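Every number here is computed from the coordinates shown, using simple stated rules; none is lab data. The structure displayed is predicted, hence computed values, not measured ones. Here the Cβ is made from the backbone with ideal geometry for all residues, glycine too, and neighbour counts use every protein chain on show.
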Amino acid sequence: NAGVTQTPKFRVLKTGQSMTLLCAQDMNHEYMYWYRQDPGMGLRLIHYSVGEGTTAKGEVPDGYNVSRLKKQNFLLGLESAAPSQTSVYFCASSWPRQGGGYTFGSGTRLTVV
Amino acid sequence: DQQVKQNSPSLSVQEGRISILNCDYTNSMFDYFLWYKKYPAEGPTFLISISSIKDKNEDGRFTVFLNKSAKHLSLHIVPSQPGDSAVYFCAASPKTSYDKVIFGPGTSLSVIP
């Protein structure tokens with residue numbers, strides 16, 4: 001019963017490097033989300049997807065790209081990492097209805113130096 | 001400007017007493033409200049929710065109260081237990097986009113044995 005799995009759990013990047021964060025869910029959820037958590041800011045939505053092949057921008061999309069080629073996977077890419085992208089990143093998934101809340105992964109702690 | 005506010009960054013309560021976590025919101029379009037609980041190094045987990053058509057929702061030791069006129073909600077935990085020590089996030093979603101949830105900055109609850 002894996003739920004939502006994020007890889008990697010930790011990563012240190014140098015400014016300007018690129019990387020991809022992988023999120024996989026095994027609950028057949030339609031909707032998937034990427035959030036970042038920063039001290040005093042709560043969780044802020046970066047991008048989300050309402051189904052395979054779809055993506056949309058959230059509150060703080062700049063500097064990130066996403067893809068949802070398969071229903072169970074949602075990838076978050078950083079093309080040229082900046083220190084401002086140092087954060088904890090959470091992926092979540094849900095059914096397209098209110099009431100059940102989201103299922104979150106355990107997070108990826110990213111440091112950009 | 002934060003649409004969901006949790007003005008107390010931290011709260012300490014004795015075991016067995018009541019914990020009251022508060023949340024204020026500014027967007028009158030918010031229609032659905034949720035509380036999430038987060039332990040260190042884990043993702044947030046859904047705790048309890050309330051629709052704007054209700055003013056109270058109960059689930060075991062957890063009760064959420066909603067005051068729409070004041071744009072205020074609160075989470076009551078009775079009795080508080082040491083295992084309740086965690087960060088609690090208040091969240092809200094607008095009627096037009098139930099799956100675009102806005103999170104508050106969180107309140108760290110410590111329950112002292």
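Write out the trypsin sites (Lys or Arg not before Pro) in region A:57-97 meeting two conditions: DSSP loop, and at most 16 other Cβ atoms within 10 Å of their Cβ. If you can, show how the numbers build up before the last one.
Details: sites: A:LYS57, A:ARG68, A:LYS70, A:LYS71, A:ARG97; in loops: A:ARG68, A:LYS70, A:LYS71, A:ARG97.
Those satisfying the criteria are A:LYS70, A:LYS71, A:ARG97.
Taking 8 Å as the Cα distance limit and 6 or more residues as the minimum spacing, I'd like the relative contact order of region A:35-84 as a percentage.
Values: 76 pairs, mean separation 12.4, N = 50.
Reported relative contact order: 25 percent.
What translational diffusion coefficient, to the nearest whole µm²/s, does the protein assembly as shown have by Stokes-Einstein, given a Kirkwood radius computed over alpha-carbon pairs, a temperature of 10 °C and 1.306 mPa s viscosity? Please report the intermediate quantities before stating the final value.
Numbers: Rh = 18.0 Å.
D = 88 µm²/s.
Just the Kirkwood number for chain B, please: inverse of mean 1/r across all distinct Cα pairs, in Å, one decimal. List each step's numbers first, then the result.
Working: mean 1/r = 0.0713 Å⁻¹.
Here the Kirkwood hydrodynamic radius works out to 14.0 Å.
Could you work out the relative contact order of chain B? I mean the mean sequence separation of Cα pairs under 8 Å and 6+ apart, divided by the number of residues, in percent. Don't skip to the end; give the middle numbers.
On the way: 277 pairs, mean separation 41.9, N = 113.
Here the relative contact order equals 37 percent.
Just tell me how shielded A:31-38 is by partners: mean number of partner chain Cβ atoms within 10 Å of each residue's Cβ, no decimals. Numbers along the way, then the final one.
Working: counts 2, 0, 3, 0, 4, 0, 8, 1.
That works out to 2 on average.
Compute from the Cα atoms of chain A the Rg and the Dmax, the latter being the longest Cα-Cα distance, and quote both in angstrom.
Rg, Dmax (Cα atoms, Å): 13.2, 41.
Over chain A, what relative contact order in percent results from Cα pairs under 8 Å that are six or more residues apart?
Working: 293 pairs, mean separation 40.2, N = 113.
For chain A, the relative contact order is 36 percent.
As a quick test, which of the pairs A:LYS9/A:LYS71; A:LYS57/B:LYS54; B:LYS5/B:LYS54; A:LYS71/B:LYS5 have an alpha carbon distance above 29 angstrom in this structure?
Working: A:LYS9/A:LYS71 22 Å; A:LYS57/B:LYS54 31 Å; B:LYS5/B:LYS54 21 Å; A:LYS71/B:LYS5 33 Å.
Table pairs above 29 Å Cα-Cα are A:LYS57/B:LYS54; A:LYS71/B:LYS5.
In which sequence would A:HIS47, A:HIS29, B:HIS76 go, from the one with the fewest C-beta neighbours within 10 Å to the one with the most? List each step's numbers first, then the result.
Numbers: A:HIS47 23, A:HIS29 20, B:HIS76 16.
Fewest to most other Cβ atoms nearby, the residues stand as B:HIS76, A:HIS29, A:HIS47.
In Å, the Kirkwood hydrodynamic radius of region B:5-66 over pairs of distinct alpha carbons?
Values: mean 1/r = 0.0745 Å⁻¹.
Over region B:5-66, the inverse of the mean reciprocal pair distance is 13.4 Å.
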